[in-house]
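Got a structure here, written out as structure tokens. Questions coming.
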Amino acid sequence: MRILYFAAGLLFLAIGIVGAFLPLLPTTIFLILAAGSFAKSSPKLEAWLLDHPTFGPSIRRWRDTGAIAPKAKALATGGMAVGYALFLLSARPGLPLASLVAAILLGCALFVVSRPDG
């Protein structure tokens, strides 16, 4: 199992790194998942993530209290809104699909804003 957690941690870390450069792909959630995977497989990599000057505070804040910083909440919900607008403009989905995607993104946005401020 340790090898699977390590592989998952590397995958989540890679996605998180890509997300740092692509505006609509989230970063922190994948780094949180990577830290959780590394907690069960590589304490050294877990410590590296937790001590990272840019991402460490967000990961620790989530792990300790489930909190999301107000700026991160605004960026996340804004990114969801922009992503949905781009989806509507580029895919021109029918009403059922547009409604389904809107409901999913709204649920995600409500979860983000309902977390404590960190």
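Consider S58 carefully, then state whether it is surrounded by fewer than 15 Cβ atoms within 10 Å (Cβ to Cβ), hydroxyl-bearing (S, T, Y) and assigned to a helix (DSSP H, G or I). It would help to see each step written out before you state the result.
Details: surrounded by fewer than 15 Cβ atoms within 10 Å (Cβ to Cβ): no; hydroxyl-bearing (S, T, Y): yes; assigned to a helix (DSSP H, G or I): yes.
In short, no.
Right, another one. Of all residues in the stretch 1-44, how many are part of a helix (DSSP H, G or I), of a type in the set (A, V, I, L, M, F, W, C) and under 16 Å from the mean Cα position of the chain (by Cα)?
Residues meeting the conditions: 18.
Continuing with the same structure: Being more than 24 Å from M1 (Cα to Cα), among the β-branched types (V, I, T) and surrounded by 12 or more Cβ atoms within 10 Å (Cβ to Cβ) is the requirement here; does T27 meet it?
So T27 fits the description; yes.
Next up: Do you know which residues across the stretch 62-97 are over 21 Å from L25 (Cβ atoms) and touching a residue at least 12 places away in the same chain (Cβ under 8 Å)?
Of everything in the stretch 62-97, those that are over 21 Å from L25 (Cβ atoms) and touching a residue at least 12 places away in the same chain (Cβ under 8 Å) turn out to be R63, T65, G66, A67, P70.
Being basic (K, R) and over 14 Å from the mean Cα position of the chain (by Cα) narrows it down to one residue among R92, R115, R63; which is it?
The unique qualifying residue is R92.
Continuing with the same structure: Would you point out which residue out of G66, G9, G19 is touching a Leu at 6+ places or on another chain (Cβ under 9 Å) and either surrounded by fewer than 14 Cβ atoms within 10 Å (Cβ to Cβ) or at pLDDT below 95 (or both)?
Criteria check complete, one pass: G19.
The values are calculated or read from the model by the stated rules, or taken from the named source; none is laboratory data. Just so it is clear, the structure is predicted and the values come from calculations on it, not from any experiment. With ideal geometry, Cβ positions are generated from the backbone for all residues, glycine too; neighbour counts draw on all protein chains shown.
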